[in-house]
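Take a look at the structure below.
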Amino acid sequence: MMHLFDLKSIAFSVLNYPVSYVELIGTLFGLISVYYASRANILTWPTGIINELFLFILFFQVQLYADMFLQVYFFIVTIYGWYNWRMNKVEKKVSFTSFRGRMMLIAAMIMGTIAFGYLFRNIHTLLPAYFATAASYPFADSFIMVSSILATILLARKKIENWVLWIIGDVVCVVLYFKKQVYFLSLEYLVFLGLASYGLYHWNQKLKHG
């Protein structure tokens, strides 16, 4: 069973690229979770938990530590989102974030990226017992973490701007994971980009028609 969590345990190869079980399972459940999110379906949350578990392990093995810690946050917010959607007797409707809220989001993204970027750039010296290798692309990785945190909060509150943040983050993910040679995951985020675009369209339609 433990071989599922090892990046060196290969499920199959595509064009000479070995796809590990941990990457495969994380990728598949990520796709399922984002599809359900685009449909505003509650199943986005339980499928997301499986995605988070496997990506946590994957990112640790490829030294993307901000993304690794992001999965812990995702897990917490997933529980919150699942509870929030289940406990609303009247379905929470899709809505916009206020102008002030949008300005706060932009400020949080900038400051969060800078702060976490510096933290993860130095984490191997701060905690050498746990992180023997320096982080890869700490600022790009931190941008993904911060934008994803904010997007997940907006998703849980059914704010339409969550899809804008996912679209921006997905573009960065495609490039970053390609550079880290996690090609299957990079391809997944290209699909995520399409699903996020569809989610923005679908939620806009729900907003227009109540």
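The values are calculated or read from the model by the stated rules, or taken from the named source; none is laboratory data. Every value quoted in this text rests on a predicted model; they were computed, and no experiment measured them. Please note: Cβ atoms are built from the backbone with ideal geometry, for glycine as well, and neighbour counts cover all protein chains shown. To get the accessible areas, we keep the full protein, side chains included, count just its heavy atoms, and leave off ligands, DNA and RNA. Shrake-Rupley method; radii C 1.70, N 1.55, O 1.52, S 1.80 Å.
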### Task
Among residues belonging to the range 102-131 that are more than 18 Å from F56 (Cβ to Cβ) and not in a helix (DSSP H, G or I), point out the one that is least open to solvent (accessible area, probe 1.4 Å).
N122
### Message
Looking at F184, F139 in this structure, which one is open to solvent by 40 Å² or more (accessible area, probe 1.4 Å) and within 19 Å of I114 (Cα to Cα)?
### Response
F139
### Message
If the requirement is being more than 19 Å from L55 (Cα to Cα), hydrophobic (A, V, I, L, M, F, W, C) and in a helix (DSSP H, G or I), which of these qualifies: L193, L154, L185, L176?
### Response
L154
### Query
With G48, G81 as the choices, which residue is modelled with pLDDT under 90, crowded, with 18+ Cβ neighbours inside 10 Å and part of a helix (DSSP H, G or I)?
G81
### Query
With (1) in a loop (DSSP other than H, G, I, E, B); (2) on the phi < 0 side of the Ramachandran plot as the list, and A40 as the residue in question, which single condition is left unmet?
(2)
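Per-residue answers, yes or no, for (1) without any contact (Cβ under 8 Å) to a residue 40 or more places away in the chain; (2) farther than 26 Å from Y80 by Cβ; (3) of a type in the set (S, T, Y); (4) in contact with a helix residue (DSSP H, G or I) (Cβ under 6 Å, 6 or more places away or on another chain):
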{"position": "L127", "(1), (2), (3), (4)": "yes, yes, no, no"}
{"position": "F131", "(1), (2), (3), (4)": "no, yes, no, yes"}
{"position": "S136", "(1), (2), (3), (4)": "no, yes, yes, no"}
{"position": "A140", "(1), (2), (3), (4)": "yes, yes, no, yes"}
{"position": "F143", "(1), (2), (3), (4)": "yes, no, no, yes"}
{"position": "T152", "(1), (2), (3), (4)": "no, no, yes, yes"}
{"position": "L155", "(1), (2), (3), (4)": "no, no, no, yes"}
{"position": "V164", "(1), (2), (3), (4)": "yes, no, no, no"}
{"position": "Y198", "(1), (2), (3), (4)": "no, no, yes, yes"}
